[in-house]
1. Got a sec to turn the phi values of region 173-187 into Karplus ³J(HN,Hα) couplings, 6.51 cos²θ - 1.76 cosθ + 1.60 with θ = phi - 60°, whole Hz, x for Gly and Pro?
2. Sort 206, 196 so that the residue with the fewest other Cβ atoms within 10 Å of its own Cβ comes first and the one with the most comes last.
3. Evaluate the relative contact order of region 207-324 (contact order divided by residue number), counting alpha-carbon pairs under 8 angstrom at least 6 apart; express in whole percent.
4. Please arrange 29, 184, 224 by counting, for each residue, the other beta carbons lying within 10 Å of its beta carbon, fewest first.
5. Classify region 184-229: rounded, prolate or oblate, from the alpha-carbon gyration tensor (a ≥ b ≥ c, eigenvalue square roots; a/c under 1.5 rounded; otherwise prolate if a/b is larger than b/c)?
6. Give the peptides 169-175, 265-271, 316-322 in descending order of average Cβ contacts within 10 Å, highest first.
7. Just to be sure I understand the model, the point goes 7 Å from the Cα along the line to the Cβ. What's the resulting residue 135 to residue 268 distance in nm?
8. Round to a whole angstrom and tell me the spacing of the C-alpha centers of region 334-375 and region 136-156.
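None of the figures in this text is laboratory data; all of them are computed from the coordinates on show. Note that the structure is a prediction, hence the values are computed from the model and not measured. As a convention, Cβ positions derive from the backbone with ideal geometry for all residues, glycine included, and neighbour counts pool all protein chains shown.
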Amino acid sequence: MASRREALARQRKTAGHTQESLAALLKVDRSTVARWESGATTPHPGQRPEIAEALQITRAQLELLLNERLRTPNRRTVLAGGGALAAGALVLPVIGAHDLRRILDTIQDARQRLDDEAIEHFERAMRQSATDDGLYGPGAALPGLLGVLAAITEAARQARSAQRGPLLRLGVRGAELAAWFYRDLGQPAAADQWRDQAITWARCVDEPALEAYVLLRRAQAAWDTRDGATMIQLSTAVLSNRWNLPSHVRAEALQQQARGRAMVGEPIGAIARSLDRAASLLAAGDGAGSLSQHYGRSLFALQAALCHAEAGRVAHAVELYETHLHPDLFSHRDHVYFSSLQALSLADTGYPEKACETALAALPVAQEVGSQRTLGELARLPGRLRPWHRRPVVRETVRELTLAAG
């Protein structure tokens, strides 16, 4: 059943139109306007510039109104959605009326702030989205970020040349952040579309380092499908000298390369040397610049644990998790994600009870924040626990994880 586009109807009234007067202006039947507002049909793309003008809004704002969904969002409906914002190639989740209002407010604010403060305003909003993601998950953070990206797209069209470059540079970072959110929501196609947008914007402003950063994030995403070859190829491309990247970004790329090598079965000596070189770069770097600001020693240690686990050194991976995985060092969401990986390593080293305890602590948080990546890792655990399937705690854990996966 179609959902009513109540925000579209409100905007028509704000513009001073009845359904009849808008239909007359657009030279369509009143029933056509009614079907648009009921969600039964959607205007043809060729009609939309005239509709936006009649409603006194931009094309980007109209696209958001047409993508409105008024079902109450939950984990399943957030994950089920997807629509395109034609004006900016923006991919939208299924969103509620309140979230839609946040997006439209951000776009409207952008139209009023095309001055030197606009970039600072957008950057603050993006930081807030990142904070919301860490605390509440990508479903809570995505609407605000989509609003920022739609506003950046709108502002870049109207900005002076001196402003357009900084706007698009910020857009690259925002687009990659949106890709991260969609990745965690279990929507890889939408994540790839946002990374493509990020690369396009990076090329528009001739920023090779930004393009390399997006490639590095794409290498990281290959982990979700355990595609070691792609991780190696992309991280090796990032490490080429032509990018001129900061030391801590190169350290992250080396770590990704080492993990890919572990996944395809390369010798442990080569993997260890890559990790040692990455650790040296990370220690020598000052963390300057806006790229990979999150990448520090604790995160490096946990990602190194993944390398060791893939290389068969699972006991060492468990040691790294126990030493470095602390709630006060990571966001709410990141902590449970690495906890899910810790549970896998605990099972692989013969500690099924500890693996179960860790998984059951992570599961409700992963469900609460809607982290499909975490739930996907937890779904691997029942297979690892099979040797102990007769133990009560294992049976209970497998039952809970199976219910969550269903």
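1. Karplus values, whole Hz, x for Gly and Pro: 5, x, 5, 5, 5, 4, 4, 4, 4, 5, 4, 5, 7, x, 10.
2. 206, 196
3. Working: 153 pairs, mean separation 27.7, N = 118.
Once divided by the residue count of region 207-324, the mean separation gives 23 percent.
4. Numbers: 29 13, 184 25, 224 16.
Ordered from fewest to most neighbouring Cβ atoms within 10 Å, 29, 184, 224 come out as 29, 224, 184.
5. Details: a/c = 3.43, a/b = 1.66, b/c = 2.06.
It comes out oblate by the Cα gyration axes.
6. On the way: 169-175: 24.1, 265-271: 13.9, 316-322: 19.1.
Packing order, densest peptide first, comes out as 169-175, 316-322, 265-271.
7. 4.3 nm
8. Spelled out, the Cα-based centre of one part sits 29 Å from the other.
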